[in-house]
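For reference, the structure is listed below as structure tokens.
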């Protein structure tokens with residue numbers, strides 16, 4: 001029966017090519033606009049590490065003394081001070097934790113034709129790769145003792161290995177980071193999360209770093225932060241040591257919990273530390289405070305999905321509503337014109353339900369055709385966005401989920417538009433139409 | 001006004017078409033007026049005066065990794081050689097580049113203890129005494145830096161004078177005041193020797209867009225930014241020469257981000273440009289769809305009433321009466337749609353304002369949208385109305 005309806009629908013569409021075209025274009029434009037904004041929203045809000053995003057937690061300590069405020073909604077700074085990060089790293093009751101920051105260096109190798117170029121560095125403790133599931137292609141992360149000695153080792157991505165050496169198996173080779181020669185101990189597979197969730201300081205949509213060095217290098221080689229460094233009170237800082245020990249916040253810290261009880265236990269650990277520090281005159285406040293936020297909470301807290309994007313999604317659905325109203329009008333006109341046919345079919349024994357569903361099938365077919373136009377338009381729109389915004393190459397794209405959802409939205413919109421006209425057609429009694437002929 | 005009655009009764013008979021039209025017009029009005037309001041706001045922000053000579057400034061970054069290079073000396077040589085290039089007017093090391101969303105900010109206060117006295121969050125920017133001139137800024141009140149004010153390499157002491165933006169002066173010392181007052185950042189004190197009216201900070205889209213403090217301090221760091229002022233028409237030429245020239249003078253460093261200031265500004269506003277483009281495309285498409293809808297529905301309404309029109313004509317109605325009837329009918333429907341649309345627009349505007357950082361909806365935007373929609377619906381109805389007027393009275397007598 002459905003096939004027969006599809007056949008009828010196709011014939012009807014062909015019979016009125018102009019009106020059908022108009023409707024397909026109308027729904028196509030509506031879907032095109034909606035899918036463009038929705039795809040960007042989908043990619044921006046997609047969980048970048050879905051399988052463990054509720055285990056990973058960003059750690060924040062309320063380091064501000066009473067009377068000071070911060071830019072976040074709860075006044076807690078986004079990053080940690082160096083002494084705090086170091087303590088949490090070295091005394092952590094849990095294995096899986098990472099302290100880190102973004103730095104940068106001129107990268108080159110010991111060949112006369114090697115032209116130095118700037119790369120972002122992730123200066124991080126050993127568990128970065130385990131926490132965030134960064135796979136290794138060759139070698140592994142530096143050892144605990146290498147870390148303690150601040151050994152000149154480095155982990156690079158396969159992309160960078162290829163760029164520098166023209167191959168990926170480069171264990172034992174050395175690269176210059178600035179003026180220091182580092183030995184490559186590991187090569188990671190390409191790892192590009194859609195959102196740089198682990199450090200949203202600069203641009204949350206910038207690509208992740210390709211070079212990783214031990215956390216201990218900060219102290220040993222006085223590495224500067226290339227992310228944000230925020231002081232919240234006036235301090236006399238005259239040397240790098242002063243800076244390290246200051247109340248300036250500039251480091252990111254993440255932990256992974258396997259259970260709720262671990263989370264509670266960790267919370268107590270953090271509180272105990274802060275209470276201890278209060279005796280030294282730090283954390284000068286009535287109520288101690290800290291945050292442990294999961295990846296989705298963290299992204300929301302940092303407003304990673306811009307309000308512009310949400311507004312656009314809302315407006316494009318309103319736009320789709322106008323398209324639906326439009327198609328409703330056109331369908332009404334089209335169906336009314338063909339009401340005599342329906343009358344004949346009714347007189348020949350078709351039930352109301354059959355007439356009704358036959359018309360809905362026709363409408364759904366229009367929706368399907370419209371979604372093809374829409375998806376094509378959305379590709380044009382997304383390409384335009386990628387052209388306007390640098391760094392949106394992974395964001396302004398349509399993944400298979402959106403590709404599947406496009407016809408669903410389109411058919412649904414058309415069905416909504418078609419309900420009333422189909423009902424009007426099927427309820428008219430056959431006699432009225434037969435009489436005039 | 002005797003025509004109103006038949007219009008109302010005609011509308012009553014074909015409610016569906018009218019309701020659909022009203023709905024479309026209402027949603028379109030609400031959507032377009034809010035979208036245009038956002039567009040105007042963004043355009044306004046993008047075209048605000050920054051005070052900088054955007055068309056003739058280049059910025060670049062030098063990352064020196066070879067520790068053997070004496071940076072202060074090297075940078076002096078760089079700048080001297082740069083100034084020999086045709087078209088270069090001024091060049092200097094700066095702490096950050098305006099309008100680029102990157103740089104330093106601090107808490108400024110009227111008292112060494114930031115919890116006492118008034119304080120304000122502000123960006124800071126430092127360079128030698130040529131800073132103000134090189135950026136094309138104009139000191140409105142007070143004086144510019146002189147060579148004697150400049151502190152070289154931060155190790156010794158902090159500068160004792162500063163030039164602040166009007167917004168900073170106003171926030172700390174009250175409207176129109178601030179010259180010769182002292183500002184504090186912790187124990188560092190500086191006297192305000194000049195105030196600049198038109199100036200933007202490194203973050204022109206933030207809440208500290210107008211807050212900036214200029215300090216006479218020349219630094220030579222391993223990650224040093226520079227600003228070059230050129231003549232407007234020779235800028236592109238100079239831009240291409242910077243990297244090769246500097247690398248020829250000394251290796252062991254990377255020269256990057258050689259960028260025109262207006263390009264930097266455009267990058268800062270890229271997301272706003274995208275928003276404007278998206279909103280305008282929505283508005284344009286919506287305009288087309290709604291015009292088509294009005295055209296189609298009027299057409300449909302008329303074709304359904306061919307016989308009635310014929311009858312009216314047969315009973316003595318003139319062509320112009322029929323024409324006027326449809327024009328007026330369209331007006332009634334459009335006005336109703338507008339009325340609902342204006343209410344919808346205001347509600348939507350308030351909702352957007354409450355949830356997101358959106359400026360209040362401007363009445364001007366609603367009015368402009370409403371006028372263009374009336375014009376549009378008039379144009380859309382002209383052809384179908386003309387056709388209706390041309391229906392011959394004879395159709396009324398046929399086929400009954």
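All of the numbers you see were taken from the coordinates with simple rules; none came from a lab. Bear in mind the structure is a predicted one, so any value in this text is a computation, not a measurement. All Cβ positions, even for glycine, are placed from backbone atoms using ideal geometry, and neighbour counts span all protein chains on display.
Please tell me the relative contact order of region A:63-288 in percent, rounded to the nearest whole number, where contacts are Cα pairs under 8 Å and at least six residues apart. Don't skip to the end; give the middle numbers.
Values: 393 pairs, mean separation 65.1, N = 226.
Once divided by the residue count of region A:63-288, the mean separation gives 29 percent.
Using Cα-Cα distances under 8 Å and only pairs 6 or more residues apart, what relative contact order does chain A have, in percent? Display every interim value, and only then the final one.
Working: 724 pairs, mean separation 124.7, N = 437.
Computed value for chain A: 29 percent relative contact order.
From the largest down, region A:393-435 spans 63, 12, 11 angstrom on the principal axes of its Cα atoms. Round to the nearest 10 and give me the degree value, 0 to 90, for the angle of helix B:319-355's Cα axis relative to the longest principal axis of chain B. Result, in degrees: 30. Quick check: the angle from helix A:352-388's long axis to the longest principal axis of chain A, C-alpha only, nearest 10 degrees? Approximately 40 degrees, to the nearest ten.
In this entry, the protein assembly as shown is assigned a mean projected area of 44.8 nm², taken as a quarter of its C-alpha convex hull surface.
Going by neighbour counts of Cβ atoms within 10 Å, the residues A:323, A:426, A:6 line up, fewest first, as A:6, A:426, A:323. Where the alpha-carbon atoms of chain A are placed on the principal axes, they occupy 98, 60, 36 Å, in descending order. From the alpha carbon centroid of region B:323-344 to that of region A:369-407 is 37 Å. Going by neighbour counts of Cβ atoms within 10 Å, the residues A:63, B:283 line up, fewest first, as B:283, A:63. Counting only DSSP H runs of at least 4 residues, each contributing -39500 (n - 2.57), and dividing by the residue count of chain A, the helix-based mean residue ellipticity at 222 nm comes to -16000 deg cm²/dmol. Annotation: the antiparallel percentage among DSSP beta bridges lying fully within the protein assembly as shown is about 75.
Bridge orientation summary for region B:50-205: considering DSSP beta bridges with both residues in this region, about 70 percent are antiparallel.
Starting from the exponent 0.38 and prefactor 2.2 Å, build the expected Rg for region B:99-240 from its residue count and divide its actual Cα Rg by it. Before the final figure, lay out the partial values.
Values: Rg = 15.2 Å, N = 142, 2.2 N^0.38 = 14.5 Å.
Here the answer is 1.05, to two decimals.
With neighbour counts taken as other beta-carbon atoms within 10 Å, the residues B:324, B:71, A:167 rank, fewest first, as A:167, B:324, B:71.
Taking all pairs of different Cα atoms in chain B, averaging 1/r and flipping that mean, what Kirkwood radius in angstroms comes out?
Numbers: mean 1/r = 0.0384 Å⁻¹.
That comes to 26.1 Å for chain B.
Note on region B:157-197 and region B:241-304: Cα centroid distance 38 Å, given to the nearest whole angstrom. Against chain B, whose longest principal axis is taken from its Cα atoms, helix B:71-84 shows a tilt of about 60°. Sorted from greatest to least, the principal axis extents spanned by the alpha carbons of region B:9-132 come out as 91, 50, 28 Å. Rg/Rh, computed from the Cα trace of region A:8-106 with Rh as the Kirkwood radius, has the value 1.35. Helices in chain B, meaning DSSP H runs of at least 4 residues, each add -39500 (n - 2.57). Divided by all residues, the mean residue ellipticity at 222 nm is -17000 deg cm²/dmol. Antiparallel beta bridges, as assigned by DSSP with both residues in chain B, represent about 75 percent of the total such bridges.
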